[in-house]
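Encoded as structure tokens, the structure appears first; notes follow it.
Laboratory data are not the source of any read-out in this text; all were calculated from the coordinates shown. On a predicted model such as this, the values are computed, not experimentally measured, just so you know. Because the Cβ atoms are built from the backbone with ideal geometry, glycine has one as well, and the counts that use them run over all protein chains shown.
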Amino acid sequence: MSGVIKLFQDSNYNGLGFSIISILFYLSVYHFVLYVKNRDKFYLYYSFYAFSNVLLLVPIPDHVFFQNIFLAFPDFFIQLDSPLKFAGYSLFSYFAIEVLHLKSHLPKFVRFFKYFTFSCVGIYIVLGALEYFKPDLTFLQSFFYFGYLPMYLIVMIYGLVLIFKIEEKIKSYIVIGFLFLGFGEVFLAFLTLGQAAEVMDQNFYLYYFGLLGANLLFTYALTIKQGEVYDEKLKFQEELVLKMRENEGLRELLNQRLQSELDLKEKQIISLAADAEIERMARVKAHYEREITKLHLQSLRSQMNPHFIFNALNSIKVFLIENDKDRAILYLNRFSKLIRLVLESSRKTKISLGEELEIAKLYQTLESIRFEDGIELKMEIDRDVRLNEIELPPLLLQPFFENAIWHGLMNKAGEKWIKVCLKKENGAHVLSIRDNGIGRKAAQRINSKRTMNKESLGLSLSKDRLELFNQNESVNYHFEIIDHSNPNNSGTEVIFWI
């Protein structure tokens with residue numbers, strides 16, 4: 001028994017203390033790697049918290065790496081002691097806030113704690129400046145032990161009381177770990193208060209074991225948290241796959257129904273052609289051809305809508321893979337609103353230009369979330385243009401916005417924008433959609449290895465739909481694509497004459 005006690009008392013000389021510091025250093029590096037991989041802030045806070053403890057403990061054991069640096073500048077590192085402890089307490093607190101989701105469970109307490117921390121940081125900066133000009137003062141150390149530490153203890157006790165009321169699976173491990181560390185510090189202070197430095201040195205193992213036990217509990221809690229995040233992501237992906245299969249089934253059912261209606265109408269035309277008079281047959285044939293044209297328009301829309309839906313679902317999948325839950329939820333909310341507008345418009349053979357621009361604007365907002373700097377949408381519409389009086393096929397403009405984003409702006413660095421201009425010119429409406437992307441030639445070079453040219457497919461569908469719409473409504477809608485190759489003003493412009 002005496003040998004074990006001797007082993008503990010010599011922890012700063014026999015390698016025991018050095019081993020605990022090494023474990024903390026490993027935990028710091030390991031959780032920093034997890035942060036880089038998953039982008040969860042609680043990994044980053046815990047990594048910095050463990051590393052601050054390493055910096056505090058490195059000068060204490062004998063023959064520890066980098067110890068000569070600390071011994072060469074003893075005064076500097078003595079002054080750095082209380083700021084490092086302050087940083088450690090603050091980092092642990094923000095680690096607990098993130099891992100226990102206190103921002104949603106206890107928003108008022110979290111706001112109060114942020115004000116408390118920022119106020120203490122301000123005081124530290126002022127006192128640090130005073131000590132820099134007058135090194136004989138000990139303001140930082142005095143404030144830490146007699147000001148910050150008592151207030152932090154009161155705040156943490158109140159926080160622990162609130163934490164016990166929330167529903168979080170890992171809260172007990174965080175609380176027990178914090179108490180482990182606190183008991184280690186209290187026992188060490190109780191045994192060494194007013195004693196010589198040798199007594200502190202012999203009993204320092206109490207702090208080592210308290211710190212080690214706390215960090216092992218924190219690590220175990222993070223392991224459980226990682227499992228919960230994985231299960232949640234897996235469940236969400238399964239639900240998403242189920243929705244995609246349902247959408248695919250609906251699309252196939254719609255195409256089958258439309259094809260059946262087309263076949264039925266064609267049979268009716270053939271049947272009537274044998275019995276009707278020439279003049280009556282011409283009128284009947286014209287009527288049924290008009291119906292077939294409408295069905296063709298619906299068939300083309302049924303091909304375009306799933307194409308866009310699958311692109312949007314793929315965007316959500318990317319956010320889930322990157323573990324960006326907040327952006328995935330935001331994207332889903334806006335995506336559901338867009339789907340509602342698309343479904344409403346799909347019941348009509350034509351919609352107003354105002355409704356079409358609203359759908360295109362919402363689509364651009366969704367795609368803009370995928371970019372760090374976003375995509376700016378500029379709209380210039382003449383005052384005398386009445387958007388609700390201009391009619392066109394539903395989702396006619398969406399493929400051009402999609403091409404501008406996916407082929408023009410995705411591979412461009414810096415500012416990204418799409419400009420929509422609408423004006424009257426010679427009795428017609430002229431609609432311009434222009435982007436400042438890399439241009440079609442550069443995009444074709446990048447996409448040359450792809451097996452399917454999505455841009456060509458979208459343009460072909462749009463041309464077919466305009467031709468059918470022109471026949472059905474006796475109008476002459478058409479569009480033209482212009483490439484801007486000026487290095488300072490590159491991009492692609494689509495001009496519609498309506």
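Hey, fewest Cβ within 10 Å first, where do ILE390, ILE405, ILE482 land in order?
ILE482, ILE390, ILE405
Using a cut-off of 16 Å between alpha-carbon atoms, which lysines can reach LYS416, once sequence neighbours fewer than 8 places away in the same chain are excluded?
List returned: LYS361, LYS378.
Let me spell out the model: positive unit charges on the Cβ of Lys and Arg, negative unit charges on the Cβ of Asp and Glu, origin at the Cα centre of segment 341-498. What dipole size does that give, in debye rounded to 20?
Using only the charged Cβ atoms, the result is roughly 500 debye.
Near THR192, within a Cβ-to-Cβ distance under 13 Å, what is the net charge of the other residues, with Lys and Arg +1 and Asp and Glu -1?
The answer is -3.
For Rg and Dmax of the Cα atoms in Å, pick the label among (i) 34.3, 120; (ii) 41.9, 135; (iii) 41.3, 130 that corresponds to the value derived from the coordinates.
(i)
Could you work out the local net charge near ASP201, counting Lys and Arg as +1, Asp and Glu as -1, over the other residues with Cβ closer than 14 Å to its Cβ?
With Lys, Arg at +1 and Asp, Glu at -1, the net is -2.
Distance between Cα centroids, segment 241-271 to segment 123-158: provide it in whole Å.
If we compute the Cα centre of each part, the gap is 74 Å.
Can you list the lysines whose alpha carbon sits under 23 Å from that of LYS85, skipping same-chain ones fewer than 8 residues off?
Answer for LYS85, where 23 Å is the Cα cut-off: LYS41, LYS114, LYS134, listed by chain and number.
Restricting to Cα pairs below 8 Å that are 6+ residues apart, what does the relative contact order work out to for the chain? Please round to a whole percent.
9 percent.
Relative to the compact-globule scaling 2.2 N^0.38 Å, provide the ratio for the alpha-carbon radius of gyration of segment 303-497.
This ratio for segment 303-497 stands at 1.03.
Report the relative contact order of segment 2-231, percent, no decimals, based on alpha-carbon pairs under 8 angstrom and at least 6 residues apart.
Rounded, it is 21 percent for segment 2-231.
List ARG383, ARG327, ARG347 from most exposed to least, where exposure is judged by having the fewest other Cβ atoms within 10 Å. Write down the numbers at each step before the final one.
Values: ARG383 5, ARG327 16, ARG347 9.
Ordered from fewest to most neighbouring Cβ atoms within 10 Å, ARG383, ARG327, ARG347 come out as ARG383, ARG347, ARG327.
For VAL385, VAL58, which order do you get if you count the other beta carbons within 10 Å of each Cβ and list the fewest first?
Listing VAL385, VAL58 from fewest to most nearby Cβ atoms yields VAL385, VAL58.
Kindly identify segment 2-231 as rounded, prolate or oblate by the Cα gyration tensor criterion: order the square roots of the eigenvalues as a ≥ b ≥ c, call it rounded if a/c is under 1.5, otherwise compare a/b with b/c, prolate if a/b is larger, else oblate.
Values: a/c = 1.63, a/b = 1.23, b/c = 1.32.
Note, shape of segment 2-231 comes out oblate.
In whole percent, what relative contact order does segment 303-497 give with Cα contacts below 8 Å and a gap of six or more residues?
Working: 256 pairs, mean separation 34.3, N = 195.
This gives 18 percent for segment 303-497.
Treating the beta-carbon of each Lys and Arg as +1 and of each Asp and Glu as -1, no other charges, what is the dipole magnitude of the chain about its Cα centre, to the nearest 20 debye?
The calculation lands at about 780 debye.
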